[in-house]
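Presented below is the structure to which this report refers.
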Amino acid sequence: METPISAASEIAIGSLRERAPIVFELAARFKAAGFQLALVGGPVRDLLLQRLGNDLDFTTSARPEDTKKILRGWADDIWDVGIKFGTIAARKNETTIEVTTYRSESYDVDSRNPEVQFGNTIADDLRRRDFTVNAMAIELTTSEVKFIDLFGGVTDLLKRVIRTPESPELSFSDDPLRMLRAARFAAQLDFTINPDVIEAMTTMKDRLEIISMERVRDEFIKILMSNNPRVGITILVDTGLCDLFLPEIPQLRLEIDEHHHHKDVYEHTLTVVEQSIEGEERLGGPDLTLRLAALLHDIGKPKTRALIPGGGVSFHHHEVVGSRMSKERLKKLRFDHHIVDDVSKLVFLHLRFHGYGGGEWTDSAVRRYVRDAGELLTHLHVLTRADCTTRNKKKAETLATHYNHLEERIAVLMEEEELLKIRPDLDGNEIMSILGIPAGPLVGKAYEFLLELRLEEGPLGKDEAKVRLNDWWTKNGI
């Protein structure tokens, strides 16, 4: 009777021969040089999930300098930026490979960098991998290609569960970032995390403090950009890990009492993230800026929460406070400047639509809405629609109708006036010529006056703009 491991072995090795024949070319070179080579980790897992990509990881008995010699003359490109960690990377055709010497690594109590020790056997290497589903290997240099599963990875893959090869405490002590990876794999693969792993993540969460913010950010991005970020974010919040790098999210779980009812802001936020993802096709696919804005759009609420006499709660100006908080947090997480600016801008604007009441938008209001959103207009469309999580069907339909009307108005004015290119009817040189003034602050004031006219009244034409500019100049006695 065929066992799960033998079946997995047949599937994985057969799929590897079909999808990545260059693996066996590489193995022949290592074998000829007297070294062992095995495909390891994520690619083996992905072979079993029928989702192998073009990034392949290997482990070997060869030392890094030996690996470089073997790759030389075979690979198209070779780079050794990870050589101190035992890793040599290369590219062959469309495939990127990383070959790492058998190793075990651990973090000193106060160090942000792993201490790398080379191992002598593949068993030692697999034992110190993060999770059992990533601790499987295909040994390529033995007389027969061999599937290796020492820690029950196949069984855990079938059960869709995340466990560690040895104790989770040892695994997370070796590399605390693995706690975030557990949440990431749960979100990406729709796996559950074993209770002992969750317990270790909760009790060892402070260990994450030794990891650089850039590495934490990169793992968090993978969680947020997964197919089901709610799962990963919920794990981070429930274990307390989120408190260490994004405390604004767990703080959204505001206390609700019987006299001052308000929407569960935390659950509302997760729903907005999900609904934003549903609208991402308008942006061409998964979009980090949109997902960050959806996650952070209400983080100003805890600081602006006020109880209303007689019942109810208000959050006046939470978009202003939240915009500032978003910028500060994303900077601490080392996000690129353009993402920091774009996300904080979307958080600031996310309530703008609701400031126009029942949907009676003037042309001036439409122009300002488009001008303020700028290149983020479509992001704002998706975010604003996603922010409607009411269970009142009639209210939701009314809001959707009003926003449909706004988008229709934008489309009409866009065609008539090229709203994304809104500028005054006169440029700076024309202003200086008409008023007889040199370049300086006065030109800027005149430009702003004409821009306000353009937003309020639409295109004036150069003649009318010249008349209005001279009137403004005279009235202000400049």
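Could you grab the Rg to Rh ratio for segment 291-346? Cα atoms only, Kirkwood for Rh.
1.10
Of [x] 32.1; [y] 27.6; [z] 37.5, which is the value of mean projected area of the Cα convex hull in nm² derived from the coordinates here?
Here the calculated entry is [x].
So for segment 190-232, Kirkwood radius off the Cα pairs, Stokes-Einstein at 37 °C and 0.692 mPa s: how many µm² s⁻¹? The partial results should precede the final answer.
Working: Rh = 11.8 Å.
D = 278 µm²/s.
Quick one: which of 304-313, 396-405, 334-343 comes out on top by average Cβ neighbours within 10 Å, and what's the full order, highest first?
In decreasing order of mean packing, 304-313, 396-405, 334-343 become 334-343, 396-405, 304-313.
Past 24 Å, Cα to Cα: identify those pairs from 205/331; 31/222; 31/146; 303/395; 345/466; 68/222, in the order given.
Check vs 24 Å cut-off fails for 31/222; 303/395; 345/466; 68/222.
Report the full-extension gain for the segment residue 69 to residue 395: residue separation times 0.36 nm, less the Cα-Cα distance, to one decimal in nm.
Full-extension gain reported as 110.6 nm.
Quick check: at a probe of 1.4 Å, how many percent of the accessible area of segment 25-108 sits on carbon and sulfur atoms?
Whole-percent figure for carbon plus sulfur exposure: 43.
Could you tell me how many degrees, from 0 to 90 and to the nearest 10, lie between the Cα long axis of helix 462-475 and the main elongation axis, the longest principal axis, of the Cα atoms of the chain?
70
What angle, in degrees between 0 and 90 and rounded to the nearest 10, separates the Cα long axis of helix 337-349 from the longest principal axis of the Cα atoms of the chain?
50
Quick one: with all protein chains in place, what share of the accessible area of segment 318-467 is carbon or sulfur, to the nearest percent (1.4 Å probe)? Write down the numbers at each step before the final one.
Values: 4100 of 7970 Å².
It is 51 percent, rounded to a whole number.
Once R0 is set to 45 Å, what does the formula 1/(1 + (r/R0)^6) return for the Cβ-Cβ distance between residue 142 and residue 212, expressed as a FRET efficiency to the nearest 0.05? Don't skip to the answer; put the middle values down first.
On the way: r = 39 Å, r/R0 = 0.86.
Computed FRET efficiency for residue 142 and residue 212 comes out at 0.70.
Considering only protein heavy atoms, what per residue accessible area in square angstrom results for the chain with a 1.4 angstrom probe?
48
Highest mean first, how do 52-61, 282-291, 434-443 rank when packing is the count of other Cβ atoms within 10 Å averaged over residues?
Result, highest mean first: 52-61, 282-291, 434-443.
Would you mind telling me the antiparallel percentage of the DSSP bridges in the chain, rounded to 5?
On the way: 25 of 33 bridges.
Among the beta bridges of the chain, antiparallel pairing accounts for roughly 75 percent.
How about segment 162-205: which GluC sites (Glu not before Pro) there lie in a loop by DSSP and see at most 13 other Cβ atoms within 10 Å?
Sites meeting the loop and neighbour criteria: none at all.
Show that you can apply the helix-only estimate: for the chain, add -39,500 (n - 2.57) for every DSSP H stretch of four or more residues, divide by all residues, and state [θ] at 222 nm to the nearest 500.
Values: 23 runs with 250 residues, N = 478.
Calculated at 222 nm, the ellipticity per residue is -16000 deg cm²/dmol.
May I ask you to list the chymotrypsin sites (Phe, Trp or Tyr not before Pro) in segment 421-478 that are in a DSSP loop and have at most 13 other Cβ atoms within 10 Å of their Cβ?
none
Once label points are set 7 Å from the Cα along Cα→Cβ at both residue 238 and residue 116, what is their separation, rounded to one decimal in nm?
Once both label points are built, they end up 3.6 nm from each other.
Once fully extended, how much extra length lies between residue 155 and residue 192, figured as 0.36 nm per residue of separation less the alpha-carbon to alpha-carbon distance?
On the way: separation 37, 0.36 × 37 = 13.32 nm, distance 1.35 nm.
Result: 12.0 nm gained on full extension.
For every other residue with a beta carbon closer than 11 angstrom to the beta carbon of residue 94, add +1 if it is Lys or Arg and -1 if Asp or Glu, then tell me the sum.
Details: positive: 91, 92; negative: 55, 76.
With Lys, Arg at +1 and Asp, Glu at -1, the neighbours total 0.
The values are calculated or read from the model by the stated rules, or taken from the named source; none is laboratory data. Fair warning: this is a prediction, and the values are worked out from it, not measured in the lab. Note: ideal-geometry Cβ built from the backbone for every residue, glycine included; neighbour counts use all protein chains shown. In case anyone asks, the SASA skips ligands and DNA or RNA and just uses the protein heavy atoms, side chains included. Shrake-Rupley method; radii C 1.70, N 1.55, O 1.52, S 1.80 Å.
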